[in-house]
1. Just a yes or no: is a residue in the range A:10-32 surrounded by 21 or more Cβ atoms within 10 Å (Cβ to Cβ), facing another protein chain (nearest Cβ under 8 Å) and out of contact with any Ser or Thr (no Cβ under 9 Å at 6 or more places or on another chain)?
2. Could you list all residues from the range A:226-247 that are modelled with pLDDT of 60 or more, facing chain B (nearest Cβ under 8 Å) and not in a loop (DSSP other than H, G, I, E, B)?
3. Within the range A:152-198, restricting attention to residues that are more than 9 Å from chain B (Cβ to nearest Cβ) and assigned to a helix (DSSP H, G or I), which residue is farthest from the chain's Cα centre (by Cα)?
4. Any idea which of B:GLY97, B:GLY143 is of a type in the set (Gly, Ala, Ser), free of Cβ contacts under 8 Å to residues at least 60 places away in the same chain, part of a loop (DSSP other than H, G, I, E, B) and within 12 Å of chain A (Cβ to nearest Cβ)?
5. B:ALA108: under 19 Å from B:LEU35 (Cα atoms), facing chain A (nearest Cβ under 9 Å) and part of a loop (DSSP other than H, G, I, E, B), yes or no?
6. Are there any pairs with C-beta distances below 6 angstrom linking a residue in the range A:77-105 that is more than 9 Å from every other protein chain (Cβ to nearest Cβ) to a residue that is surrounded by fewer than 19 Cβ atoms within 10 Å (Cβ to Cβ) and among the hydroxyl-bearing types (Ser, Thr, Tyr), with the two at least 6 apart or on different chains, and if so which?
7. Determine which member of the set B:ALA190, B:ALA235, B:ALA217 is buried (at least 20 other Cβ atoms within 10 Å of the Cβ), away from every other protein chain (no Cβ under 11 Å) and at pLDDT 50 or above.
8. Could you list, in sequence order, all residues of the range B:33-56 that are surrounded by 20 or more Cβ atoms within 10 Å (Cβ to Cβ) and at negative phi?
Amino acid sequence: MTPTDPTSPLGYRPLDTEAMPPLDHAGYGSTSHRHPDQPAVPLAQTLSEVTGPGPALAGLTEDDADLTTNAGTGAEALGERIIVTGRVLDEDGTPQPRTLVEIWQCNAAGRYVHDADQHPAPLDPNFVGRGRCVTDDAGTYRFLTIKPGAYPWRNHPNAWRPAHIHFSLFGPALVTRLITQMYFPGDPLHELDPIMGSVPREHRSRMIGAYDHTITQEEWALGYRFDIVLRGPEATPFEAGGAGVLA
Amino acid sequence: MSGSRPVPDTWSQTPSQTPSQTPSQTVGPFFHYALTETPGDDLDPDRHAGRPVVIRGRVLDGQGAPVGDAMLEVWQADGGGRYRHPADGRAPDVPDGFVGFGRIATEASSGRFEVHTAMPGTVPGRDGGVQAPHLNVHVFARGLLRHLHTRIYFEDGPGNDQDPVLASVPAERRATLLARRDATTSDASASDAAASDAAASDAAATDVAATDVDAVAYRFDLVLQGAGETVFFEA
């Protein structure tokens, strides 16, 4: 990966394993038979890893960012209307324009539109709970949705997931792929949740959206800001003409 | 979990924080309606990006139980070894309509999956080298707090012996990355099934069924843990 090697494209910085949850986390029972026993094999990045579907998908995707009405029933979802917006950045703080952001969530009562969700809370016929949008030139995305509820799960006695929205991002490369969850500030369930708790304490706040009164719209919706940081490019600039030389 | 708490969990992120990678969290069990309806398990519906192949397999956990709520993402080059991406100068030559990306949910009861696609070509490697044909695969599931990254090579693919990534894997584990020619599932029976589906749908599907008669079938099981554990990479 030196600048004199035209066949080794500019790579991305390594996964920040200090900030990431371990694959084996005792508090989260589903990890026990699903985490690999063997350590991951290091793979020096190639064209296969510095490319990825993100740019192509961004070009193919129509924004569908209003979850309060995108059930298409002509009526609005029930719940506390919220705006969730923020920027997608890399580790240098560089905004990531034209990148796909997908979200999904349960409804205000804590129920997903999914066959496997058997929580006896009501479904909302006017809420599906999925949305997508592509960031603008400043790397900003914006969703209108309703605040998701907490819901029980069977990980341990009286287990409840704190309210959260699932986020899926591709970024520019295969290695910038990220699926995470956005949590809401001030939730007493945070301390009790082994999924959030799988992340080292000092990094958990990066998953918690901030209430932002400048985003809140008067007599309409509360505002939350949630920035997402993806893996950034290696610091060494690539000098030898880049893409064309791979042909 | 007790002891000192320098940063209370209830604090949110702040604009002044130094950018640092957002932690990963599990995809959970309820992603399907948001993620896997498109683009689905057929990466080359027009059958023009390369030799048609179908890969069938299962995702299994450390007890040999099927993982029925996994999602696989496939990223691959076309038959000419070109990626549809700005970092590949040959991207304009990728056939129209072929992105090289697929997302597949495993079947709930069996953990089975199918990928219908084009056989990728050899791909440029580091230091002027060449990589044998492969699919890049991400695995997401409930219980995976981070996604897993692996590759699917083909047992009869050209250049496996010289592939630097395969060579970096301990020899005794290399076979976990090889899709095997599938003699047990006949292509004819698979296309029959596709044809009956197609009869109930539309003409486009009929075309797909017809061309799938020629698809070369492979088998690839993904084992998350334990005996025969698939090799996973950190890139």
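The values are calculated or read from the model by the stated rules, or taken from the named source; none is laboratory data. This one's a predicted model, so the numbers in the text were calculated from it and none came from an experiment. Positions of Cβ are backbone-derived with ideal geometry, glycine not excepted, and every protein chain shown enters the neighbour counts.
1. no
2. Within the range A:226-247, A:ILE228, A:VAL229, A:LEU230 qualify.
3. By that ranking, first place goes to A:LEU192.
4. Values: B:GLY143 fails: free of Cβ contacts under 8 Å to residues at least 60 places away in the same chain.
Just a single option satisfies the conditions, and that option is B:GLY97.
5. yes
6. A:ARG87/A:THR140; A:LEU100/A:THR61
7. Result of the check over B:ALA190, B:ALA235, B:ALA217: B:ALA217.
8. Of everything in the range B:33-56, those that are surrounded by 20 or more Cβ atoms within 10 Å (Cβ to Cβ) and at negative phi turn out to be B:ALA34, B:LEU35, B:LEU43, B:ASP44, B:ALA49, B:PRO52, B:VAL53, B:VAL54, B:ILE55.
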